Amino acid sequence: MELDLNSLTAISPTHLAAAVPEPEWRERILTGMTILALMDGKPTPERLEVLATTASVLGLATSPENTYRQLLEEKFLRIRLDVARRSFIPEAIKGYVGSQGLSGATELVETLLGIEDKTLAARYHTLDDYPEGTFGRALADFVVRNRFAYPGEVGGPPAPLMRHDCCHVLGGYGTTAAEECAVLSFQAGFEKADPFFVILFGLAQFELGVRVSPFVPATSNQADPISMLAALEHGTQVNRDLIGDPAWDPWEHFAEPIDTLRAQLNILPRGHEPQYIEFND
């Protein structure tokens, strides 16, 4: 069913509250309103007033609205801390350490301290020799194509964040700023973390110019709302939490054909090819 959004009449927060009594749906609506407001240019006092009024009438805690307020007031340090604390990164760390135990925690600390771990790097480099068509080889090709480093190498990411790269590969997402926003939306669809803050991580980094990732510079006006909404729906079809579930260990699946693994996880094909950053040699 197609609907002309311009033909719809505005609804007041009071009418919205009467039409939607369920607290869960009220929270989803406020979250969606906030995300759309963040996608629609620089935060304004007028949009903040709409969000605050809606939250008050719906009787909701104002976490999304407070985040919008912080952006409007340019409290960027607080935003960085809040997004980092509630985004996919803590979930990835929890899932990785839960699956790897003490050795995983040690690897994480060494990476954060900038210590090279040749044993860890060598383990990841074994993926370079996996057969074509396997999940492990697809991840290795992704790393090479984007000139990334492996965990354990100088400049490489912490091993838990490779779960994010696995989502790029399994979901078919590229590495442009718009694709990073999309893959985070994909993750928000299946993660048990608050989806608002998973999506906000991408919006802050690539749409609002607030750097929350230590690995890439912040940019502005790069998010594609249509792609993000499609990716969010894409992620809701996935039957495992590939970020925070300690029972899901990518190493147990690297030797599997990637198409077989996608079928097992119910990761459906995307509607278009992923877009990657182009490098000039």
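Where a number appears in this text, it was derived from the coordinates with a stated rule and is not lab data. If you're wondering where the values come from, they're calculated on a predicted model, not measured in any experiment. Reconstructed Cβ throughout: ideal geometry from the backbone, glycine too, with neighbour counts over all protein chains shown.
Things to note:
- Net charge contributed by nearby residues that have their C-beta within less than 12 Å of Phe148 (K/R +1, D/E -1): -1
- Computing Rg and the Kirkwood Rh from the Cα coordinates of region 10-74 gives a ratio, Rg/Rh, of 0.95.
- Electrostatic bookkeeping for Thr134 treats Lys and Arg as +1 and Asp and Glu as -1; over the other residues with beta carbon under 11 Å from its beta carbon, the sum is -4.
- Full extension of the chain between Ser12 and Lys118 yields a length gain of 32.2 nm, computed as 0.36 nm times the residue separation minus the alpha carbon distance.
- In nm, spacing of pseudo-spin labels at Leu36 and Asp259 (7 Å Cα→C-beta vector): 4.0
- Amide H within-cut-off set for Thr134, under 5 Å, with H built and near neighbours excluded: Ile258
- Per-residue Cβ neighbour counts within 10 Å put Ser227, Ser185, Ser56 in the sequence Ser56, Ser227, Ser185, beginning with the fewest.
- At full extension, Arg270 and Thr53 could sit 74.4 nm farther apart than now, given 0.36 nm per residue minus the alpha carbon distance.
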